[in-house]
Amino acid sequence: MSSSTLQSPVTAPAPATPGQASWGTLLVLLAGIFMAMLDFFIVNVSIPGTQADLHASSAAMQWVVAGYGLAVAAGLITGGRLGDMYGRARMYGLGMAIFALASIVCAMAGGTGELIAARVVQGAGMALLMPQVLGIISVVFTGARQARAFAAYGLTMGLAAVFGQLIGGALIQADLFGLGWRAIYWINVPVAVLALVLLRRLVPESRGSAGTRLDPSGVGLILAALVALVLPLIQGRAQGWPVWTWLSLAAAAVLLGVFTWYQRRLAARGAAPLVDPRLFRDRSFTVGVALSLAYQMTMGSFFLFLALYLQQGRGMSPLASGALFLAIGGPYMLTSVVAEKFTARLGRQVITLGAVLQGAGFVLLAAVIEHADGHVALGWLLPGLVLAGAGMGFAVVPVPGIVLAGVPPEHAASAGGVLATAQQVGGAVGIAVVGIVFYDRLGGTAELGPAFVSSLVPMALLCLLTAALVQLLPRSRR
């Protein structure tokens, strides 16, 4: 798509009106979200094979996972703004095309540097795509249909996270055309092409207010802050925490403070900040962003280090370890289906229920693995995995509807971008922070059981923090 096209929004289709969408619209939108989340989690099961094939370090493998999440996080707010400006369906399509092309480069990568760079570009494409989904749902669905669409969004995210391990394991085990781990990237291409074909027919165009503008300085500040935060957390442990890592963390705090000040200054003089401070006047949105960040720190790290424990610690094949994730996926699907009904009765506390169940699952897993000195029979892992999966369904599905319910339609994509940014930042930071605990306990040994147990402790504490933050949400918000 040329720059001249982007500068001519007047030629685009007419803005969508509420009620204009069909369920086919939702399917196309959810295909993008499923791919975005799938590519975050499907990589976990391929890490051992990729590391061996490319002779990569553990830090490089963390970057293969976290680099994608960081790129998504850094671009989501800008992606939401571009959707408000030039059309959400249009930016969805552009993001999908970038993602597909980067997937081809990932599949053909000859080294870790090339793979990490392509993963970052994948993340940039998804940063364009993801906020448009929440923005379009907020505008073209209304009433009960909107509630069901939000529930389907949360369900799709969780299904991609849980079943990504199984899908990845099956693709690697099948070893189609001798592709091995590279098949997990090739699979994106036909799905992306189909979504792009259906996009123009099924997804109506929509935009924000006419005065929406980009904020290049804000983009630079938030990008620099996120890199300064995540870079030392991933590289610091392997390098012995040199002085630059602490300086980088301090710079991240300063940059986030400057970003906040600058956004308020732009808003005060009537300009167009990257993140409109008025969004945070809604307590549901503010608290929801915070709890989403805390909760997602558990998700990315749990799936990554569980996959490493099963494959490298227990010697399971990618397919066998992926199949074990069904113990999480089955309960997740069950609680996801009933989460909307539970939310109607419990309101915000359904998220508390989910976080507590998930934390209890982590504690149970840690207890049985620790008791058996890391070599517990796989059957004893099932109760903890089932509890964790059930909790995920209750915790993930209600969040978008509760957090975005009070956001004005003209800021829908930007708000969706902020929420998704918090989720992706949480995933990347969680991998980095929990990774410090995991690899410090692992040391130079090959005993992944004790390391996995140690990593479950901060994950359980983050679940408790999520449950505590839920109590700050307004009581009446459903």
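Read-outs: derived from the displayed coordinates by stated rules, not from any lab. Bear in mind the structure is a predicted one, so any value in this text is a computation, not a measurement. Cβ coordinates were reconstructed from backbone atoms using ideal geometry, including for glycine residues, and neighbour counts include every protein chain displayed.
What to note about this one:
- Positive minus negative residues near Gly257 (Lys, Arg vs Asp, Glu; Cβ under 15 Å): +2
- What you get for the chain, charging only the Cβ of Lys and Arg (+1) and of Asp and Glu (-1), is a dipole of about 1480 debye around the Cα centre.
- Efficiency of FRET between Arg145 and Arg200 - r from beta-carbon atoms, R0 30 angstrom, step 0.05: 0.85
- Listed residues Gly168, Ala89, His55: farthest to the positive end of the dipole of the chain (Cβ charges): Ala89
- Exposure proxy ranking, count of Cβ atoms within 10 Å, fewest first, for Met61, Met333: Met333, Met61
- Mean separation of Cα contacts under 8 Å, 6 or more apart, over the residue count of the range 167-318: relative contact order %: 22 percent
- Prolate/oblate/rounded call for the range 137-198, Cα gyration tensor, a/c under 1.5 rounded: oblate
- Relative contact order for the chain, counting Cα pairs under 8 Å that sit 6 or more residues apart, in percent: 24 percent
- 19 Å cut-off, amide nitrogen to a point 7 angstrom out along Ser317 Cα→Cβ, residues in the range 156-184: 164-184
- A P(r) calculated from all alpha carbon pairs of the range 215-270, with 5 Å bins opening at zero, reads 4, 21, 24, 18, 13, 9, 6, 3, 1, 0 percent.
- When you count the other C-beta atoms within 10 angstrom of each residue and take the mean per peptide, 71-83, 289-301, 317-329 line up highest first as 71-83, 289-301, 317-329.
- The Val227 and Trp261 beta-carbon pair, evaluated with R₀ = 25 Å, returns a calculated FRET efficiency of approximately 0.80.
- Neighbour counting of Cβ atoms within 10 Å sorts the residues Trp244, Trp63, fewest neighbours leading, into Trp244, Trp63.
- Considering helices alone, the calculated mean residue ellipticity of the chain at 222 nm is -26000 deg cm²/dmol, with DSSP H runs of length four and up weighted by -39500 (n - 2.57) and normalised per residue.
- For the range 201-322, the alpha carbon positions stretch 59, 51, 29 Å along the principal axes, listed from largest to smallest.
- Under the criterion of Cα pairs below 8 Å and six or more residues apart, the relative contact order for the range 215-270 equals 46 percent.
- The Rg/Rh ratio for the chain is 0.95, where Rg is the radius of gyration of the alpha carbons and Rh is the Kirkwood radius.
- Here the range 115-246 is assigned +1 on the Cβ of each Lys and Arg and -1 on the Cβ of each Asp and Glu. Its dipole about the Cα centre then comes out at about 240 debye.
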